[in-house]
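Remarks on the structure that follows.
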Ligand SMILES: [Zn+2]
């Protein structure tokens, strides 16, 4: 008998200090699919939902596609947008008839107006509707802020083990396989959860090297124990001023005692490594000076982490742009600048035109005023392409238009949406070849390295003015649990719950 498995996706990383609220339009722009549209959008992609689909199709189970909605990280999700998506999901579940299981791809760091733990609220309402007996398995982003409440709705959580996140598909596969296995065997499964009073910056959270690489190695080793189904270390998302903020560990097991021991060990290791996550980064002028000292045959990347849209940056700060123009930097590429007004002006003027533009600095002018330039329009595009890099491979992207402009010697990519330069196609689709530049000045943090590491000689991180600054004292927190490290001085491992 084929089992009927619902699949759904609700994804947002919410920066509660951002002035840019996330309304329903942001979900429409990034991806909002219902029913069979989901299969068209995600089948064959290296995403969590792509993983769900592959496992269920190979196992010849019936896929019941429900609702998938994602928006680029930005400010808190409006209550209306959350209600609209949640209602659509609950309605789709109700209309689907009897389900045997449910697969959910969640982020875990969403915040909604008036709701600090929306993933738990969503799970609570889904449980109310489908009852306690239908198994649910869910994936989580490594930057999830998980509450103990979430674990009361299901023990089956699978967090990403890579940053850049290139194992979304694998975790989707594991969630789906475990769900099917659990449905077949009815074997009891337990979750061991440890929440730490740790709010970690993510700049040194990459899994290629450093403290998170060691932790992921330990988690993978723990999974060799046949009782351990999954061991997840979550770094958390620090730009959430909510009681649920902070790093955590989730161990899914068939033996609660063994699971508890593994989660204690991983929590202790994370706590012991905490100092390694904190980095002092150069200012923008210092970063450019560092880049100028390097002789290399491949481009040098400057990562302006404080305006990384995938950390909730507005994507339109001007600090790095201003400095590059001031220095008349040669063979440099800057992007992407989110500036729909300037983009429209370029579209109106056409390729080859010269025009005056006020670039960026609109959404959060406290981080830098617009920069006035005379620009030449080199090329225009509709901004549609498919990712070719290792992250979200194959996923369709729509930048809502793009323009390649040139200001003196500086090449700039303008987009109609805020986007991290995570895939080289962002540039190549409009004819910009990043390998031909000496300097790539990008609004990114770490995800871009999955695609860009092979083409750059070095990455220099800079903490310019912006919403995703590495320095938490730039933000006034009111709702996070206290004490919490590194804001407060704590010297012994504190477990919140
Ligand atoms: Zn993440």
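Read the figures in this text as sums done on the coordinates, not as results from a lab. Everything quoted here is computed from the prediction, not taken from an experiment. Cβ placement follows ideal geometry from the backbone for every residue including glycine, while neighbour counts extend to all protein chains displayed.
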Taking the 0 to 90 degree range and rounding to the nearest ten, how far is the long axis of helix 118-130 tilted relative to the main principal axis of the chain, both from C-alpha atoms? 40
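Neighbouring Cβ atoms within 10 Å as the yardstick, rank 462, 87 fewest first.
Lowest count first: 87, 462.
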Taking square-rooted eigenvalues a ≥ b ≥ c of the alpha carbon gyration tensor, is the stretch 391-438 rounded, prolate or oblate, where a/c under 1.5 means rounded and, failing that, a/b exceeding b/c means prolate? oblate
Cα centroids of the stretch 411-470 and the stretch 377-394: how far apart, whole angstrom? 13
Beta carbons within 10 angstrom, averaged per residue: use that to sort the peptides 275-287, 99-111, 246-258, highest first. 99-111, 246-258, 275-287
From Cα pairs below 8 angstrom and at least 6 apart in sequence, can you work out the relative contact order of the chain, rounded to a whole percent? 17
Rounded to the nearest 10 degrees, the helix 48-58 long axis (Cα) sits at an angle to the longest Cα principal axis of the chain of 50
Relative contact order (percent, whole number), the stretch 284-469, Cα cutoff 8 Å, 6+ residue spacing: 37
According to the square roots a ≥ b ≥ c of the eigenvalues of the Cα gyration tensor, what is the shape class of the chain, taking rounded for a/c under 1.5, prolate for a/b larger than b/c otherwise, and oblate for the remainder? prolate
Segment residue 436-residue 79, length gained on full extension (0.36 nm per residue, minus Cα span): 124.0 nm
For residue 225 and residue 186 in one chain, what is 0.36 nm times their gap in residues minus the Cα-Cα distance, to one decimal in nm? 12.1 nm
Using R₀ = 22 Å, calculate the FRET efficiency as 1/(1 + (r/R₀)^6) where r is the Cβ-Cβ separation of residue 275 and residue 475; round to 0.05. 0.60
Mind giving me the nanometre distance, one decimal, between the label points for residue 326 and residue 98, set 7 Å out from Cα along Cα→Cβ? 6.9
One finds, for residue 388 and residue 28 with R0 = 22 angstrom and r their Cβ-Cβ distance, a FRET efficiency to the nearest 0.05 of 0.35
Compare the peptides 333-344, 224-235 by average per-residue count of other Cβ atoms within 10 angstrom and give them in order, highest first. 333-344, 224-235
How far is helix 168-185 tilted, in degrees, relative to the longest principal axis of the Cα atoms in the chain, given as a value from 0 to 90 rounded to the nearest 10? 10
What percent do you get for the relative contact order of the stretch 261-351 when only Cα pairs under 8 Å and 6+ apart count? 19
Global form of the stretch 284-469, assessed from the alpha-carbon gyration tensor, a/c cut-off 1.5: rounded
So what's the gap between the Cα centers of the stretch 162-211 and the stretch 304-371, to the nearest angstrom? 36
Report, as a whole number in µm² per second, the diffusion coefficient that Stokes-Einstein gives for the stretch 104-200 at 20 °C and 1.002 mPa s using the Kirkwood radius over alpha carbon pairs. 150
Point-to-point label distance, residue 213-residue 260, nm (Cα→Cβ direction, 7 Å offset): 3.5
Value at 222 nm in deg cm²/dmol, rounded to 500, when DSSP H runs of n ≥ 4 in the chain each add -39,500 (n - 2.57): -8000 deg cm²/dmol
